[in-house]
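Worksheet: the structure to be examined is printed underneath.
The values are calculated or read from the model by the stated rules, or taken from the named source; none is laboratory data. Keep in mind it's a predicted model, so treat the numbers as computed, not measured. When we count neighbours, we look across all protein chains shown, and the Cβ atoms used for this are built from the backbone with ideal geometry, even at glycine. These accessible areas exclude ligands, DNA and RNA; they are computed on the full protein's heavy atoms, side chains included. Shrake-Rupley method; radii C 1.70, N 1.55, O 1.52, S 1.80 Å.
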Amino acid sequence: MKTYFNLIVLTLLSFQLLSQEFPSLKSQNRAINNYFTIKYKVVDFKSSLHIKDYKTSEFQLENGFDYHLNKLIDISFGINGGVILGIPYENRLQAYFNSGNVSGLDTFLKYYDEIDFIDQSLAKTRYFIGVQPQLGFNITEKWKILAGTELRYFFQHFFERRTFDGAYVIDEGVNFNLLGTIGLNYLLNEQLSIGFHYDRGLSYLRRILIINSGGNGPYTSSVRYHSLGLNLKYCF
């Protein structure tokens, strides 16, 4: 765990040192600025089984450059790293019976093995690094709309491959995830801004087709990343 965290920090520091090697980047009336951003996100893992959403927290640091194309449009590129906290694991089958609430129990039992596997996988803390290109649209002197993508690499597969007795499985557990992002920033002063953003997985963290598993018939199981967060950005 410490190794992953140290690698993230070293990546960001290396990017920061690289920016110091090129002081001309801050010339031309600050046409290009170096920035550092701290982000906090509430992550929602959407499951196609519609049993429960999985919510947790994410912390992310990003270092990059803003290029002011003109008065209306900025182009940004950042390198980031962070951690998604694991969701506390719960044996939900036992919790179902303990609660006395059997509403939807038939549906739950049909997919129980898959749901429990997802529960256990999302209980693990995940470290990642990523790159994020964005476009910024200056709608007023203080407000900016952001839109872009993020390609993220996880240091271990989000979901490991499984085998099912008597079933054919197409498994797309991944190390990489492509996100689409949109946000709104408010400029507090020349260097500091705050904002919020929404991120949605454009690719799946897991998507499998299970055929004739346990006599239940074929079904698809998928998990996709969503998050809503706050950010604090400082420009050098």
Checklist entry - Hey, any hits in region 9-31 for a residue that's at pLDDT 95 or above, farther than 30 Å from TYR219 by Cα and open to solvent by 20 Å² or more (accessible area, probe 1.4 Å)? => result no
Checklist outcome for this item: Out of (1) at pLDDT 80 or above; (2) surrounded by 14 or more Cβ atoms within 10 Å (Cβ to Cβ); (3) more than 20 Å from SER203 (Cβ to Cβ); (4) of a type outside the set (D, E, K, R), the one TYR89 does not meet is (2)
Checklist outcome for this item: Residue pairs within 7 Å by beta carbon, gap of at least six or interchain, first lying in region 141-153 and among the small types (Gly, Ala, Ser), second open to solvent by 20 Å² or more (accessible area, probe 1.4 Å), listed first then second, are ALA147/GLN134; ALA147/LEU135; ALA147/ILE182; GLY148/PRO133; GLY148/GLN134; GLY148/LEU135
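This table checks each residue for (1) part of a strand (DSSP E or B); (2) modelled with pLDDT under 85.
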position	(1), (2)
ARG162	no, yes
THR181	yes, no
LEU184	yes, no
ASN189	no, no
PHE196	yes, no
ILE208	yes, yes
GLY215	no, yes
Next on the checklist: Anything in region 185-236 that is touching a Leu at 6+ places or on another chain (Cβ under 8 Å) and among the polar types (S, T, N, Q)? List them, or say none.
Outcome noted: ASN185, SER193, SER203, THR220, SER221
Checklist outcome for this item: Only one of (1) at pLDDT 90 or above; (2) basic (Lys, Arg); (3) surrounded by 15 or more Cβ atoms within 10 Å (Cβ to Cβ) does not apply to LYS142, and that is (3)
Checklist entry - What number goes with the only condition from (1) open to solvent by less than 60 Å² (accessible area, probe 1.4 Å); (2) at pLDDT below 90; (3) of a type in the set (A, V, I, L, M, F, W, C) that LEU109 does not pass? => result (1)
Item to check | Residues (free of Cβ contacts under 8 Å to residues at least 60 places away in the same chain and buried (at least 20 other Cβ atoms within 10 Å of the Cβ)) located in region 69-84 | outcome: GLY78, ILE84
Checklist entry - Of the residues in region 43-68, how many are touching a Gly at 6+ places or on another chain (Cβ under 9 Å) and either open to solvent by 70 Å² or more (accessible area, probe 1.4 Å) or not in a strand (DSSP E or B) (or both)? => result 3
Checklist entry - SER99 is checked against (1) at pLDDT below 95; (2) within 27 Å of ARG207 (Cα to Cα) and fails just one. What number does that condition carry? => result (2)
